[in-house]
1. Counting pairs of alpha carbon atoms under 8 Å apart in space and at least six apart in sequence, what relative contact order in percent does segment 49-173 give?
2. Please report Val146, Val107 as a ranked list, fewest other C-beta atoms within 10 angstrom at the top and most at the bottom.
3. Would you work out the relative contact order for the chain, in percent, from Cα pairs under 8 angstrom that are 6 or more residues apart?
4. For a quick check: sort Met48, Met154, Met98 by the number of other beta carbons within 10 angstrom, fewest at the front.
5. Treating only the Cβ atoms of Lys and Arg (+1) and Asp and Glu (-1) as charged, compute the dipole magnitude of the chain about its Cα centre; round to the nearest 20 debye.
6. Using the Kirkwood formula over every pair of different C-alpha atoms, what hydrodynamic radius in Å results for segment 23-181?
7. Find, among the GluC sites (Glu not before Pro) in segment 71-121, those assigned to loop by DSSP (not H, G, I, E, B) with at most 10 other beta-carbon atoms within 10 angstrom.
8. Along Cα→Cβ, 7 Å out, is where each label goes; now give me the distance between the ones at Gln200 and His32 in nm to one decimal.
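Every number here is computed from the coordinates shown, using simple stated rules; none is lab data. Given the structure is predicted, the values throughout are model-derived calculations rather than measurements. Counting neighbours? That spans all protein chains shown, and the Cβs are built from the backbone with ideal geometry, glycine included.
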Amino acid sequence: MTDTQLPGSPPIVDRATWQAARDALLVREKAHTREGDAIAAARRRLPMFEVDAGQPVVGADGPVPFIDLLQGRDELLVYKHMWHDGAPHQGQCEGCTMSAWELREAVYLRARGVSYAVLCEGPWDEIAPFREFMGYTEPWYSVRGVPDPIGGEMGHLTAFLRRGDDVYLTYDTTGRGGEIADTQLRLLDLLPYGRGESWQDVPDGWPEGDHPCWYWRSDEQGRGHHGENTRPVPQWTRPGAGPVETLGRRHAHH
């Protein structure tokens, strides 16, 4: 290839020129990593506040006190999963599905002595079949009617610390802060087209991005979009997941 520029592309260069540009970016990446380490150090020094360790939440074995979620360990990470009452599996939140799917095997957390659970605002009799359909093995609990900070707003990652019989909230994040759990978003950020979303800063002439999260749902052909025949992407891997005609909104006929 002799052209030094392709339409809609950064410059095409030789290996040495590419390496020099890569090395320059690496300086910024290392500074970003070090700043992330410094922020994590500050996070470990945040003040904490006590929560109700005896607050009942409902799981597979019925109501249990919140402290039981730590399973005797000192640390607990929870993901708070949104819920649409009465909707079928394909009508549930695709963003929460992404995070819960990425965290479906928390083996490395447990190896480090950390417990993990999903807290969901839905009723247990609706959560249980959804959890079984998705093949999740990590514990889920209904926090229907449970006040903040154990219940409350969903879509959060929240950390807790146990000291004896007392439990404390130490950290909470939501929005893009929750992307720390979404490994494949970070991998997309390494690729030339990124996430393919319109908000991204991309080279002139690059393919036009679509709306945020457009690929979190797909149809049976694997085409990413939000439509009446789509599911959250991981659901297509589940046994029995077939074409759908509705997202299952409560006002829809299904």
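1. 35 percent
2. Going from least to most buried by this count: Val107, Val146.
3. This gives 20 percent for the chain.
4. On the way: Met48 14, Met154 18, Met98 22.
By the 10 Å Cβ count, ascending: Met48, Met154, Met98.
5. 540 debye
6. Final number for the Kirkwood radius of segment 23-181 is 16.7 Å.
7. none
8. Computed distance between label sites Gln200 and His32 equals 1.3 nm.
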